[in-house]
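Let me begin by presenting the structure, written as structure tokens, before commenting on it.
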Amino acid sequence: RTVYLNGQYLPEEEASVSIFDRGFVMGDAVYEVTSVLGGKILEFDGHVARLNRSLAELEIVCDISREEWLEIHREMIKRNDLDEGMIYLQVSRGNAGDRDFHYPPAGTPPTVVLYTQSKPGLADDPKVQKGISVISVPDLRWHRRDIKTVQLLYASMVKMAAEKAGKQDAWFVEDGFVTEGSSNNVYIVKDGKIITRQLSNDILHGITRASLLKYAAEAQMEIVERPFTIAEAQAADEAFFTSASAFVMPVVEVDGVALGSGKPGPVSLRLREIYLDESLKAAI
Ligand code: PMP
């Protein structure tokens, strides 16, 4: 693979970052994952906007413009001959020269890394036909989940716990209510209404979520933004999650209880179709 590191396109073996980089030592970095279908970038502007918000919240200075980001993304697609897959982008606060809790002096350049992951068949995931099963786990993450940091250890732990339990993912629960999935936003469908937690610092503001809710509203579907419990999910007709890499994924079982028919529901499948159609139309 050809990767991007601080302004250069390099073979992946030649791209290296300092052991003092704060992304490595402190988890002091933010990231984005963007899907590519047919060589085109989905949700480009949404991802750049959220990246800039994450950077601003953490006071990481990175002067790359939207046009420059677009050029870098297109160059990565071209150099890696990427048709279907993802682009991973990470910006860390850079190399502090030594380990120090304090931020490095102003003017210390951030570390900017991009690489591609080829996933042929990305939009035809066989899991969609069956739906996935999830476990619930306590949400032990910090309280700024709206900032997309690379601090993904707990998300990894709960994905491993799900795998051990023979399930595919985990839903976080806090104060009795579902916050989100380990790497996705979650929804239930009851009596035709789409119910999903409202935006706050408690969840990541999913780019897929924002577009999906817009497309659902345009299709005259009813959306209710409020928290829901695991018991309510288990009594729902359907459930699904959204993320940039999985788009819309049906969820058919929560903590061992099958939802509705136990199969992917019609609303979830329709939303997946609408989302893929519309986001592909808007891809650049
Ligand atoms: N919540 C969390 C915790 C996530 O990691 C992700 C995926 N990055 C999402 C939600 C979904 O966000 P998006 O639709 O922008 O991928």
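The values are calculated or read from the model by the stated rules, or taken from the named source; none is laboratory data. No experiment lies behind these values; they were computed from the predicted model shown. As a convention, Cβ positions derive from the backbone with ideal geometry for all residues, glycine included, and neighbour counts pool all protein chains shown.
A few remarks follow.
- Where strands (runs of 3 or more DSSP E) fall wholly inside segment 120-236, no range has 1 or more residues that are at pLDDT below 95 and crowded, with 17+ Cβ neighbours inside 10 Å.
- Subset of segment 256-275 (residues that are crowded, with 16+ Cβ neighbours inside 10 Å and touching a helix residue (DSSP H, G or I) at 6+ places or on another chain (Cβ under 6 Å)): 274, 275
- When the strands (runs of 3 or more DSSP E) confined to segment 1-94 are screened for residues that are within 16 Å of the ligand (Cβ to nearest atom), those reaching at least 3 such residues are found at 29-37, 85-92.
- From the list 89, 82, 37, 5, the one residue that fits, being of a type in the set (A, V, I, L, M), closer than 22 Å to residue 147 by Cα and at pLDDT 95 or above, is 89.
- When 197, 141, 145 are checked against the criterion of being touching a Pro at 6+ places or on another chain (Cβ under 7 Å) and within 14 Å of the ligand (Cβ to nearest atom), a single residue qualifies: 197.
- Residues considered: 72, 64, 60, 77. Of these, the only one that is surrounded by 15 or more Cβ atoms within 10 Å (Cβ to Cβ) and either among the hydroxyl-bearing types (Ser, Thr, Tyr) or closer than 25 Å to residue 199 by Cα (or both) is 60.
- Pairs where the first residue, in segment 248-269, is modelled with pLDDT under 95 and the second is outside any loop (DSSP other than H, G, I, E, B), C-beta under 7 Å, 6+ apart: 260/238
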